[in-house]
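Data block below; observations after.
The values are calculated or read from the model by the stated rules, or taken from the named source; none is laboratory data. Note that this is a predicted model, so its numbers are computed, not measured. Cβ coordinates were reconstructed from backbone atoms using ideal geometry, including for glycine residues, and neighbour counts include every protein chain displayed.
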Amino acid sequence: MPMQVPWLIFLLPFLSFLMIGLVLRPFLPRYPRLAGYVTIGAVGISCALSFWVLGAVISSPGHMLPVDDIRWAVVGNLEMHIGVMVDSLTAVMVVVVTFISLMVQIYSQGYMKGDPGYMRYYAFMSLFTACMLGLVLANNILFMFVFWEGVGLGSYLLIGFWFHKPSAANAAKKAFIVTRFGDLGFLAAILILFATTGTFDTGEIYKLVAAGTLTGTTLTWVAIGIFAGACGKSAQFPLHVWLPDAMEGPTPVSALIHAATMVAAGVFLVARFYPIFSHSPEAMLVVAVIGAFTAIFAASIGFVMNDIKRVLAYSTISQLGYMMLGLGVGGVAIGIFHLFNHAFFKALLFLGAGSVNHSSGTFDMRLMGGLRKSMPWTYITFVIGSLSLAGIWPLAGFWSKDEILMNAFSNNPTLFVLALITVFMTAFYMFRAVFMTFHGEYKGGAPSEHGDHDEHPQGPHESPAVMVVPLVILAVMAVCSGWINVTGFFNGLFEGDVEGAVHKIGFLEGFFGTLTHPLPLASLLIALAGIFLAFAIYIKKWISAEKITNAVRPLYTLLSHKYYMDDLYENVIVKTFLYNGLFKLFAMFDTSVVDGTVNGTASAASSAGSALKKLQNGQTQVYAFTIALGVVAIAVVVYLFG
Amino acid sequence: MELNLHLLSLIIFLPVIGLAVIALLPKPGQKTVKWIALSATLASFIVSMYVFCMFDKSLVGHMQFTEKISWIPVINSYYSLGVDGISLPLVILTTFLGMVSILVSWKIELRPKEYFIWLLMLESSILGVFMSLDLVLFFLFWEVELIPMFFLISIWGSGRKEYAAYKYLIYTLTGSAFMLAGILCTYFITGTFDITALAGIQIGATFIPLELLFFLLIIGFCIKLPVFPFHTWLPDAHTNAPTAASVILAGALLKMGGYGIIRVCVSMMPQVAAQYAPVMCILAVVGIIYGAGVTLRQTDLKRLIAYSSVSHMGYVLLGIFALNQVALAGAVMQMFSHGIITGLLFAMVGLVYDKTHTRDLNNLRGLARQMPVIAVVFSIAGLASLGLPGTVGFVAEFIVFNGAFSSTTIPGMQVYALIGVLGIVLTSGYILWMLQRVFYEYPLEKYNHVGDADLVEKVSTFAFVAIIMLFGIYPAIMTDIINTGIMPIARLIGM
């Protein structure tokens, strides 16, 4: 495979962005669909090239291709390079990113049809895809940071896509600032890393860690800093608050950026610098604990949300926590395997929610119901996605979730229990959503201002083929993508030895054999129990939802206020402590003390001037008198002290 | 140099020729004045670009394109010019901003003849400061700059323009008085005004403690940069100045301070600089955080950008007094980057003000629908200001942070660097808040009639955007040149 291929994967979407933004602009008002075609074409070719790269990595020894590097800028000892690195992690990531992006772009053809910002939408989508690919392809931490910020920009622009809505503009700003807060840690880690090792290069860093040059507390701080950045992007506690608000963006954006790719970038980042983490037990513990805690924490909020996108958003936060847990207790392959599966089924669920919105005009599940009759394709695919997310055998989610549980069990029993409880909660809130949305009676949708679109045809209806086909493709992936590791192929790819791994166990043996082990069986039963509880409450109504709510009113209030985290951050810290506290103090200090001194000095000088001016009155007698007075004074002084 | 075409003199005096022509023409029409001013500044810009391209990047630590003519022999003073890696970026910056400021002023109707005369004089004097190699000449240009700026603010300004103009004048003159004393002391000690000869000169015991000399010289530069707590003239001057004056003031004038600190104070007395570096670094980080905090409280668009300059100039000071090769180069890069970015921000504020007649953030909303081009360009400038990668703002800040953090000369430097890094979150806070206030949310009906940028405005602002992107994506064009200027100083300070 020529070395230009990885570069092209990144450059094609970037060129598409430039084309739409600069070249095609004059034609777009007349042919807006051109923007969509250009993007789909570019991402489609990128996707094909990504599969080529994946093939090349699988067949190459050690699953690693040579690195390509160009000098970018040099200042003293600060040497900055830009280059690509292709190993199994990169190859899997480019496939995920380009594939999901392609599905989303195709789907958007239907979803965004007629939107006045159609071409802007595709320009931003291209830019985002390019930055995301740049992030996973970069061979050094500096350029990872560059594209890391780039995807943050893409996310900002697309959350705020309908910028005329104050809620969207607020959400965009919040997302950018909260993630940037985490980026402080990332940037600090880069600075520490460079000050200690003198390099940004990922490969060099691997070597230095392996050789024991980079060790001790420095290593731990670097790891914690990187993880802080990852927490911001991957919406881990306590920086998770931006992701639910990010649902203000168009739904395909949520599917691509806030479910499958960008939010997973934090997980990718930890995986990319896994050698640093694995040499620091403290850092590993932090990753695992934050991951497990976030998983259960976000799932609990997902229980009470009535907006289908918010349920999915909290579910995403929860699942990202799962991936972190996987990295913390298992390894790169474990965490990334869940990322890989999650990308498909979560993108599917979001696109399904978009399809539902397209039809009903709302995201509020209380206004839906009964949609399974009018939207059979959306219904079936959504159920498949939910089953996969809940971890039902033999769907994709089952396999990766199972591995995380297994590793947690052998490493940290406390976290294992948390993870197991999360399994139950996940199954419950997903099927709560399924039953509220698709079963029962249709409750009439919503007034049009509630949804993404301004106008809606009357009555619920199935979405057009251009939206349904991506759903079906993703549903197939949500079923099958987990099978790739039934034989241990995926783990082998990451451990650098596919050949050695795949012959240990046959496909069918692994496929059915897993059910003979107690742990997978237990987690499967727990998930089924969660589904059954949802069934009992929302379909059979054996238990009344209101009664439960009333019984645990304080808890319900706490959950529906998202543990008051937003209030703490926005009202207490930002508004009260900073804006009306510290910064107000600064501003007052600036006017009264700093500038006051300046103006005070000036007016003192000016009054001294006016006082002195009176002496210069031009009357010779006064001058003579003063001189005489002076002479006498000198004479007295000389007489007394001389 | 081999073939001396007096290119540097040409760069300085082309605007002067322009102003002479304007002054001598009897009753020139408005259009004529503007075209003459534009041609003069364009010519100056073209010559400076030629110098930029012909600059020899392999010659480390040499002044290039030098000119030296005896000027006042009795005190050993010369008309001596030259550029190196430190001054060249600032020269390019000034010629560019000088040219664009003419375009920005294209709609000036009040006494255009005088206005453009002052504007051209302003450009010449700043260019003179950056290229002088003789302290007397340096001081002369330094002082000349005050006159045009004073008139530009007090006549074409708005609001409390007289107050702002006087404050600017007196504040700067106070600093200059100390500087003049410092320059004279330097002469009496060393017997020379030659800036290149003074760099790294060994000064033995003298009649005046070196620390005192250092502070005499630096105080004027600190006022100009400005360094906290000498910054309060800046928001007043900016808020009340006409747009073009703000562009030049923020873009080029402030850099005279940073340039002076590097060229005069640090080069001449590196040991004293090292001794006082911790103090200066503390002032720098205070400026960064405090400046950003005050910025967040502003509701006047222009005042907001002005205070953000206080914060951003903190990075320059931090870069200088980290006293390390990388950080110093970062400081020069940051001066260039801030000049372009903030120049553009002020130009955009001017456009918004021209069209809506308000700068009050409480009265602005949703303009992105009514002026999409302005919204896009303003957003790019804002994103560059908050240091987004892909823009020159990121490159400069990253180099400063990296150099400062790796610096081993100053104890506790890592802490200062990290506090500086904290500033970028506050920056994103006020920039994004401002953009949201001005451009997003529901459009206001009262601005339905306002137009978007016209052709002249598009040309000038797109030029800024091109530079922001160019040096953000391929900074080596600039850093390679800066390196040649920084290396000799780095040797002096032992890094």
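From the list A:Leu89, A:Leu78, A:Leu49, exactly one residue is touching a helix residue (DSSP H, G or I) at 6+ places or on another chain (Cβ under 7 Å) and within 14 Å of chain B (Cβ to nearest Cβ). Which is it? Before you say what the answer is, go through the steps one by one.
Working: A:Leu89 fails: within 14 Å of chain B (Cβ to nearest Cβ); A:Leu49 fails: within 14 Å of chain B (Cβ to nearest Cβ).
Every option except A:Leu78 fails the conditions.
Residues that are within 14 Å of another protein chain (Cβ to nearest Cβ) and touching a residue at least 12 places away in the same chain (Cβ under 8 Å): which helices (runs of 4 or more DSSP H) entirely in the range B:250-362 hold 1 or more of them?
Values: elements: B:254-260, B:270-296, B:301-321, B:325-356.
Hits in the range B:250-362: B:270-296, B:301-321, B:325-356.
Kindly check whether there is at least one residue in the range B:141-158 that is at pLDDT 95 or above, assigned to a helix (DSSP H, G or I), touching a strand residue (DSSP E or B) at 6+ places or on another chain (Cβ under 8 Å) and buried (at least 21 other Cβ atoms within 10 Å of the Cβ).
No, that holds for no residue.
Could you figure out which of (1) more than 16 Å from the chain's Cα centre (by Cα); (2) under 30 Å from A:Leu127 (Cα atoms); (3) not basic (Lys, Arg) isn't true of A:Ala299?
The number of the failed condition is (2).
Give the residue, chosen from A:Gly36, A:Gly83, A:Gly55, A:Gly44, that is under 30 Å from the mean Cα position of the chain (by Cα), outside any helix (DSSP H, G or I) and at pLDDT 85 or above.
Numbers: A:Gly36 fails: outside any helix (DSSP H, G or I); A:Gly55 fails: outside any helix (DSSP H, G or I); A:Gly44 fails: outside any helix (DSSP H, G or I).
So the residue among A:Gly36, A:Gly83, A:Gly55, A:Gly44 that is under 30 Å from the mean Cα position of the chain (by Cα), outside any helix (DSSP H, G or I) and at pLDDT 85 or above is A:Gly83.
Hey, can you tell me all the residues within the range A:41-73 that are crowded, with 16+ Cβ neighbours inside 10 Å and closer than 30 Å to B:Ser407 by Cα?
A:Trp72, A:Ala73
Taking the range A:560-591 only, how many residues are away from every other protein chain (no Cβ under 11 Å), part of a helix (DSSP H, G or I) and of a type outside the set (A, V, I, L, M)?
12
State yes or no: is B:Ala244 more than 14 Å from chain A (Cβ to nearest Cβ) and of a type in the set (Gly, Ala, Ser)?
Details: more than 14 Å from chain A (Cβ to nearest Cβ): yes; of a type in the set (Gly, Ala, Ser): yes.
When the stated conditions are applied, B:Ala244 passes them.
Could you list, in sequence order, all residues of the range A:540-559 that are among the polar types (S, T, N, Q) and either more than 13 Å from A:Ser300 (Cα to Cα) or not in a helix (DSSP H, G or I) (or both)?
Filtering the range A:540-559 down to residues among the polar types (S, T, N, Q) leaves A:544, A:549-550, A:557.
Correct list: A:Ser544, A:Thr549, A:Asn550.
Only one of (1) surrounded by fewer than 22 Cβ atoms within 10 Å (Cβ to Cβ); (2) within 19 Å of B:Thr461 (Cβ to Cβ); (3) out of contact with any Lys or Arg (no Cβ under 6 Å at 6 or more places or on another chain) is not met by B:Ile305, so which one is it?
(1)
Could you say whether any residue in the range A:605-628 is out of contact with any Pro (no Cβ under 7 Å at 6 or more places or on another chain), among the hydroxyl-bearing types (Ser, Thr, Tyr) and within 14 Å of another protein chain (Cβ to nearest Cβ)? Full working, then the answer.
Our first condition is that a residue be out of contact with any Pro (no Cβ under 7 Å at 6 or more places or on another chain); within the range A:605-628, this holds for A:605-628.
This time we only want the ones that are among the hydroxyl-bearing types (Ser, Thr, Tyr), so: A:606-607, A:610, A:620, A:623, A:626.
Right, trim to within 14 Å of another protein chain (Cβ to nearest Cβ) and you get A:606.
Looking for residues that are out of contact with any Pro (no Cβ under 7 Å at 6 or more places or on another chain), among the hydroxyl-bearing types (Ser, Thr, Tyr) and within 14 Å of another protein chain (Cβ to nearest Cβ), one finds at least one in the range A:605-628, hence yes.
Keeping to the range A:161-174, report how many residues are more than 10 Å from chain B (Cβ to nearest Cβ) and either closer than 15 Å to B:Ile431 by Cβ or in a helix (DSSP H, G or I) (or both).
Within the range A:161-174, the first condition is being more than 10 Å from chain B (Cβ to nearest Cβ), and the residues that meet it are A:161, A:171.
Now drop any that are not either closer than 15 Å to B:Ile431 by Cβ or in a helix (DSSP H, G or I) (or both), which leaves A:171.
Qualifying residue count for the region: 1.
Pick out the one residue from A:Leu184, A:Leu158, A:Leu208, A:Leu127 that is farther than 21 Å from A:Asp566 by Cβ, among the aliphatic types (A, V, I, L, M), part of a helix (DSSP H, G or I) and within 12 Å of another protein chain (Cβ to nearest Cβ). Show your work before the answer.
Values: A:Leu184 fails: farther than 21 Å from A:Asp566 by Cβ; A:Leu158 fails: within 12 Å of another protein chain (Cβ to nearest Cβ); A:Leu208 fails: within 12 Å of another protein chain (Cβ to nearest Cβ).
Matching residue, one of A:Leu184, A:Leu158, A:Leu208, A:Leu127: A:Leu127.
Which one of B:Ile126, B:Ile102, B:Ile117 is aliphatic (A, V, I, L, M) and out of contact with any Ser or Thr (no Cβ under 6 Å at 6 or more places or on another chain)?
Numbers: B:Ile126 fails: out of contact with any Ser or Thr (no Cβ under 6 Å at 6 or more places or on another chain); B:Ile102 fails: out of contact with any Ser or Thr (no Cβ under 6 Å at 6 or more places or on another chain).
The match here is B:Ile117.
Looking only at the range B:398-428, which residues are small (Gly, Ala, Ser), facing another protein chain (nearest Cβ under 8 Å) and closer than 19 Å to B:Ser337 by Cβ? Even if it seems obvious, please write down each step before you answer.
From the range B:398-428, those small (Gly, Ala, Ser) are B:403-404, B:406-407, B:412, B:417, B:420, B:423, B:428; that's our starting set.
From the residues that got through so far, the ones that are facing another protein chain (nearest Cβ under 8 Å) too are B:403, B:406, B:417, B:428.
The answer is B:Gly403, B:Ala417, B:Ser428.
B:Ser125 - would you say it is surrounded by 17 or more Cβ atoms within 10 Å (Cβ to Cβ), free of Cβ contacts under 8 Å to residues at least 60 places away in the same chain and under 21 Å from B:Ile155 (Cβ atoms)? Steps first, answer last, please.
Numbers: surrounded by 17 or more Cβ atoms within 10 Å (Cβ to Cβ): yes; free of Cβ contacts under 8 Å to residues at least 60 places away in the same chain: yes; under 21 Å from B:Ile155 (Cβ atoms): yes.
Yes, satisfied.
So for the range B:87-106 (the condition being assigned to a loop (DSSP other than H, G, I, E, B), crowded, with 19+ Cβ neighbours inside 10 Å and not small (Gly, Ala, Ser)), does at least one residue qualify? Can you show your working first?
Start the filter on the range B:87-106 by keeping residues that are assigned to a loop (DSSP other than H, G, I, E, B), which leaves B:105-106.
Now restrict to residues that are crowded, with 19+ Cβ neighbours inside 10 Å: B:105.
Checking the rest, the ones that are also not small (Gly, Ala, Ser) come to none.
Checked the range B:87-106: no residue is assigned to a loop (DSSP other than H, G, I, E, B), crowded, with 19+ Cβ neighbours inside 10 Å and not small (Gly, Ala, Ser).
How about the range B:369-397: which of its residues are under 23 Å from B:Tyr442 (Cβ atoms), away from chain A (no Cβ under 11 Å) and not in a loop (DSSP other than H, G, I, E, B)?
Those that are under 23 Å from B:Tyr442 (Cβ atoms), away from chain A (no Cβ under 11 Å) and not in a loop (DSSP other than H, G, I, E, B): B:Gln370, B:Val373, B:Ile374, B:Val377, B:Phe378, B:Gly382.
Being under 27 Å from B:Met99 (Cβ atoms), assigned to a helix (DSSP H, G or I) and within 11 Å of another protein chain (Cβ to nearest Cβ) narrows it down to one residue among B:Ile431, B:Ile468; which is it? It would help to see each step written out before you state the result.
Working: B:Ile468 fails: within 11 Å of another protein chain (Cβ to nearest Cβ).
Every option except B:Ile431 fails the conditions.
Give the range A:511-547 a look and list any residue that's within 27 Å of A:Ile484 (Cα to Cα) and in contact with a Lys or Arg (Cβ under 8 Å, 6 or more places away or on another chain), or say none.
A:Ser523
Can you tell me which of (1) farther than 30 Å from A:Phe489 by Cα; (2) assigned to a helix (DSSP H, G or I) is the one A:Ala73 doesn't meet?
Only one criterion is unmet by A:Ala73, namely (2).
Among the residues of the range B:223-241, how many are among the hydrophobic types (A, V, I, L, M, F, W, C) and either closer than 19 Å to B:Phe464 by Cβ or away from chain A (no Cβ under 14 Å) (or both)?
Of the residues in the range B:223-241, the ones among the hydrophobic types (A, V, I, L, M, F, W, C) are B:223, B:225, B:227-228, B:230, B:233-234, B:237, B:241.
Those left that are additionally either closer than 19 Å to B:Phe464 by Cβ or away from chain A (no Cβ under 14 Å) (or both): B:225, B:241.
Within the range B:223-241, residues that are among the hydrophobic types (A, V, I, L, M, F, W, C) and either closer than 19 Å to B:Phe464 by Cβ or away from chain A (no Cβ under 14 Å) (or both) number 2.
A:Thr218 passes all but one of (1) more than 14 Å from every other protein chain (Cβ to nearest Cβ); (2) more than 30 Å from A:Val311 (Cβ to Cβ); which number fails?
Of everything listed in (1) more than 14 Å from every other protein chain (Cβ to nearest Cβ); (2) more than 30 Å from A:Val311 (Cβ to Cβ), A:Thr218 misses just condition (1).
I want to confirm something. Restricting to the range B:432-461 and keeping residues that are among the basic types (Lys, Arg) and surrounded by 13 or more Cβ atoms within 10 Å (Cβ to Cβ), which single residue is nearest to B:Ala292 (Cα to Cα)?
Here is the first cut: in the range B:432-461, the residues among the basic types (Lys, Arg) are B:437, B:446, B:458.
Next cut, surrounded by 13 or more Cβ atoms within 10 Å (Cβ to Cβ) only: B:437, B:458.
Values: B:Arg437: 18, B:Lys458: 30 Å.
Only one residue tops the list, namely B:Arg437.
In the set A:Thr591, A:Thr557, A:Thr626, which member is closer than 30 Å to B:Val294 by Cβ and either surrounded by 13 or more Cβ atoms within 10 Å (Cβ to Cβ) or out of contact with any Asp or Glu (no Cβ under 6 Å at 6 or more places or on another chain) (or both)?
Working: A:Thr557 fails: closer than 30 Å to B:Val294 by Cβ; A:Thr626 fails: closer than 30 Å to B:Val294 by Cβ.
Among A:Thr591, A:Thr557, A:Thr626, only A:Thr591 is closer than 30 Å to B:Val294 by Cβ and either surrounded by 13 or more Cβ atoms within 10 Å (Cβ to Cβ) or out of contact with any Asp or Glu (no Cβ under 6 Å at 6 or more places or on another chain) (or both).
From the list B:Ala463, B:Ala490, which one is away from chain A (no Cβ under 12 Å) and part of a helix (DSSP H, G or I)?
On the way: B:Ala490 fails: away from chain A (no Cβ under 12 Å).
Step by step, each of B:Ala463, B:Ala490 is checked, and only B:Ala463 is away from chain A (no Cβ under 12 Å) and part of a helix (DSSP H, G or I).
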